[in-house]
Amino acid sequence: MKKNILFDTFKINKTELRNRVGLAPMTRISATKDGYVTDKMVKYYRSFAKGGFGLIITEGTYIDDKNSQTYQYQPGIAFDGQAVVWKKIVDAVHEEGSKIFMQLQHSGPLSQGNHFSEETIAPSSVKPKGEQLKFYFGEGEYKIPREMTKEEMDNVKKSFVKAAQRAEAAGFNGIEIHGANGYLLDAFLTEYTNLRTDEYGGSTENRVRFLVEIASEVTKSVGDDFIVGMRISQSQVNDYTYKWSGEEEDAKIIFGSLGQSGLDYIHVTEYKAWQHAFDGGEKSLVSLAKKYSQLPIIANGQLDNIERATEMLSNGDADIVTLGKGALANHDWVKKVEKEEPLTVFNPDEVLYPVANIKDFEIN
Ligand SMILES: Cc1cc2nc3c(=O)[nH]c(=O)nc-3n(C[C@H](O)[C@H](O)[C@H](O)COP(=O)(O)O)c2cc1C
């Protein structure tokens, strides 16, 4: 029998992955109150590497001691001391033969637990839709954010750079800038949360500018072999059905300019990665990302569906797939699929409720 493409190696920049299946970034609020990695987290990440995932992308990690923290018990990489403890996870994952990228996150308007600051910041002072996430200790409506100054934007850029450098020093193979799901960078991209009248608001070119600037500053400030990617979505944690109003033209501008920014890859997440991105259209957001960025593409969204995952890789739309819930239910998903063993169905009640922290049964 021909080996499934899922198990082929893939090279991003100069780093070779042993297969094309990655763990999607997932916040599990299991760090200490002040954002240090715990032994529970070390065991948790090791188990996915042991289970065969060629690439591990960490949960969103906060980057500064100002407004970037999103959730209580979220890990940070705002200080050298935090980076040192992350090294335990890096070493565990490497020992099991996998590569690891850290996802760097700035919460922007969606912060619901920050022990450095009471206020939230955003491109404009627009109250986020929806309600805070209960399974991350949230309660009620989001705060009304304060509009960021240009100086604060510069500081955020510097914080992304410093966090990436700390991750590189801790031995990570790369970082992923969180540009998706409604957090700070995506709030710049989204029309109704970005009402700025300067060069960062208005047209799609202007709304993507901050993302491009961060990508190019970060890529210039780390070693050539250190991988820098960005995650992009239409949907947001507080607005699932949001779509880019300019449709394929927006995709062309967004992926086209990110493709020129020095990034090594783009990670696209959609509810079902293979579905058409826009009503009445035929192309998936993943295929549009490939077409307009010409970069390696990581695809996410119910790709524990083996047929769909195989199809996306085989037709060249994506180069790697990442799994979220399928991986939580099967830390050894890759090994099981390779051996054609039955997979466990994801049970949210068991894993995510009442709060989404790492449960003892997951790591034993
Ligand atoms: C518990 C949980 C935590 C998540 N945390 C993050 C996160 O920190 N960063 C991020 O980009 N996406 C996050 N996501 C989204 C996942 O990376 C992924 O996009 C989503 O689960 C869809 O993929 P799936 O269909 O394979 O589950 C999270 C999802 C879950 C279930």
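Given GLU217, GLU247, which one is buried (at least 17 other Cβ atoms within 10 Å of the Cβ) and among the charged types (D, E, K, R)? Write out each step before concluding.
Details: GLU247 fails: buried (at least 17 other Cβ atoms within 10 Å of the Cβ).
From the options GLU217, GLU247, the qualifying one is GLU217.
Could you list all residues from the range 346-364 that are under 30 Å from THR9 (Cα atoms) and loosely packed, with under 10 Cβ neighbours inside 10 Å? Give the steps one after another, and end with the answer.
Of all residues in the range 346-364, those under 30 Å from THR9 (Cα atoms) come to 346, 358, 362-364.
Answer for the range 346-364, where residues must be under 30 Å from THR9 (Cα atoms) and loosely packed, with under 10 Cβ neighbours inside 10 Å: just ASN364.
For PHE255, which of the numbered conditions (1) open to solvent by 10 Å² or more (accessible area, probe 1.4 Å); (2) more than 15 Å from the ligand (Cβ to nearest atom); (3) not hydroxyl-bearing (Ser, Thr, Tyr) fails to hold?
Every listed condition holds for PHE255 apart from (1).
Would you confirm, using the coordinates I've provided, whether LYS3 is within 20 Å of MET312 (Cβ to Cβ) and at pLDDT below 95?
Details: within 20 Å of MET312 (Cβ to Cβ): yes; at pLDDT below 95: yes.
Considered against the rule, which asks whether it is within 20 Å of MET312 (Cβ to Cβ) and at pLDDT below 95, LYS3 comes out as yes.
Looking at the range 272-283, can you tell me whether even one residue there is more than 17 Å from the chain's Cα centre (by Cα), assigned to a loop (DSSP other than H, G, I, E, B) and on the phi > 0 side of the Ramachandran plot? Show your work before the answer.
Start the filter on the range 272-283 by keeping residues that are more than 17 Å from the chain's Cα centre (by Cα), which leaves 274-283.
Keeping just the survivors that are assigned to a loop (DSSP other than H, G, I, E, B) gives 274-275, 277-283.
Narrowing further to those that are on the phi > 0 side of the Ramachandran plot: 280.
Within the range 272-283 (the criterion being more than 17 Å from the chain's Cα centre (by Cα), assigned to a loop (DSSP other than H, G, I, E, B) and on the phi > 0 side of the Ramachandran plot), the answer is yes, since at least one residue qualifies.
Which condition does VAL212 not pass, out of (1) touching a residue at least 60 places away in the same chain (Cβ under 8 Å); (2) surrounded by fewer than 24 Cβ atoms within 10 Å (Cβ to Cβ); (3) of a type in the set (A, V, I, L, M, F, W, C), if it passes all the others?
(1)
Residue by residue, here is whether (1) within 13 Å of the ligand (Cβ to nearest atom); (2) part of a helix (DSSP H, G or I); (3) small (Gly, Ala, Ser) holds:
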| site | (1), (2), (3) |
| --- | --- |
| GLU59 | yes, no, no |
| ASP64 | no, no, no |
| GLN74 | yes, no, no |
| GLN82 | no, yes, no |
| GLN103 | yes, no, no |
| HIS115 | no, no, no |
| LYS127 | no, no, no |
| PHE135 | yes, yes, no |
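In the set TYR73, TYR142, which member is open to solvent by less than 40 Å² (accessible area, probe 1.4 Å) and over 17 Å from the mean Cα position of the chain (by Cα)? Quick ask: steps written out before the conclusion?
On the way: TYR73 fails: open to solvent by less than 40 Å² (accessible area, probe 1.4 Å).
The match here is TYR142.
Only residues that are surrounded by fewer than 24 Cβ atoms within 10 Å (Cβ to Cβ) and in contact with a helix residue (DSSP H, G or I) (Cβ under 6 Å, 6 or more places away or on another chain): list them for the range 50-68, please.
If the condition is that a residue be surrounded by fewer than 24 Cβ atoms within 10 Å (Cβ to Cβ) and in contact with a helix residue (DSSP H, G or I) (Cβ under 6 Å, 6 or more places away or on another chain), then GLY51, GLY52, ASP64 are the ones that fit.
With respect to the numbered conditions (1) open to solvent by 10 Å² or more (accessible area, probe 1.4 Å); (2) within 16 Å of the ligand (Cβ to nearest atom); (3) in contact with an Asp or Glu (Cβ under 8 Å, 6 or more places away or on another chain); (4) within 20 Å of MET148 (Cβ to Cβ), which one is the sole condition not fulfilled by TRP274?
Of the numbered conditions (1) open to solvent by 10 Å² or more (accessible area, probe 1.4 Å); (2) within 16 Å of the ligand (Cβ to nearest atom); (3) in contact with an Asp or Glu (Cβ under 8 Å, 6 or more places away or on another chain); (4) within 20 Å of MET148 (Cβ to Cβ), the odd one out for TRP274 is (4).
What's the total number of residues in the range 302-330 that are in contact (Cβ under 8 Å) with a residue 60 or more places away in the chain, out of contact with any helix residue (DSSP H, G or I) (no Cβ under 8 Å at 6 or more places or on another chain) and either open to solvent by 10 Å² or more (accessible area, probe 1.4 Å) or part of a loop (DSSP other than H, G, I, E, B) (or both)?
Looking only at that region, the number is 1.
Being open to solvent by 10 Å² or more (accessible area, probe 1.4 Å), away from the ligand (no atom under 15 Å from the Cβ) and in contact with a Phe, Trp or Tyr (Cβ under 9 Å, 6 or more places away or on another chain) narrows it down to one residue among ARG46, ARG18; which is it? Full working, then the answer.
Values: ARG46 fails: in contact with a Phe, Trp or Tyr (Cβ under 9 Å, 6 or more places away or on another chain).
Result: ARG18 is the single residue among ARG46, ARG18 that is open to solvent by 10 Å² or more (accessible area, probe 1.4 Å), away from the ligand (no atom under 15 Å from the Cβ) and in contact with a Phe, Trp or Tyr (Cβ under 9 Å, 6 or more places away or on another chain).
The values are calculated or read from the model by the stated rules, or taken from the named source; none is laboratory data. None of the values given here were measured: they were computed from a predicted structure. Glycine gets a Cβ as well: all are built from the backbone with ideal geometry, and neighbour counts include every protein chain shown. Just so you know, the surface numbers come from the protein's heavy atoms only, side chains and all, with ligands and any DNA or RNA stripped out. Shrake-Rupley method; radii C 1.70, N 1.55, O 1.52, S 1.80 Å.
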